[in-house]
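Following: one structure in structure tokens, then a few remarks.
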């Protein structure tokens, strides 16, 4: 159960990071609200997962999922350029997250 919550929290990290960028310094209400709600839910899920998973592993997985999804979404929407090297590096992050799960 903790791993499922941790993965969902990582997804929510990507949501709040993207919303933060789109809030334009909290001047846009919609993205600012999405940021706040996603941030709270993401942190709550991370805290829940850390009750039964190691702190370092939990944090690394949470950040890895959030970072990979944030960059991937930005590349898909055209907000960030993409290249083969970037894609391979992001896949490396995903591989490391999977590795942490397998080793646990």
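Nothing in this text is a laboratory measurement; each read-out follows from the coordinates by a stated rule. All values derive from a computational prediction rather than experimental measurement. Neighbour counts are summed over all protein chains in view; Cβ atoms, including those assigned to glycine, are modelled from backbone coordinates with ideal geometry.
Things worth noting here:
- At R0 = 25 Å, FRET efficiency that the Cβ-Cβ distance of residue 63 and residue 88 yields, to 0.05: 0.85
- Percentage relative contact order, the chain, counting C-alpha pairs under 8 Å, at least six apart: 32 percent
- Residue-averaged [θ]222 nm for the chain, counting only DSSP H segments that reach four residues, each worth -39500 (n - 2.57): -28500 deg cm²/dmol
- FRET efficiency for the residue 80 to residue 3 pair, using the beta carbon distance and R₀ = 25 Å, is estimated at 0.30.
- With the simple spin-label model, which puts each label point 7 Å out from Cα in the Cβ direction, the residue 33 to residue 96 separation comes to 3.7 nm.
- Restricted to Cα atoms, segment 62-104 shows a radius of gyration and a Dmax of 11.2, 36 angstrom.
- For segment 1-53, the equivalent ellipsoid derived from the alpha-carbon gyration tensor has semi-axes of 25, 8, 6 Å in decreasing order.
- Taking each residue as 0.36 nm, the span from residue 26 to residue 40 lengthens on full extension beyond its C-alpha to C-alpha distance by 3.4 nm.
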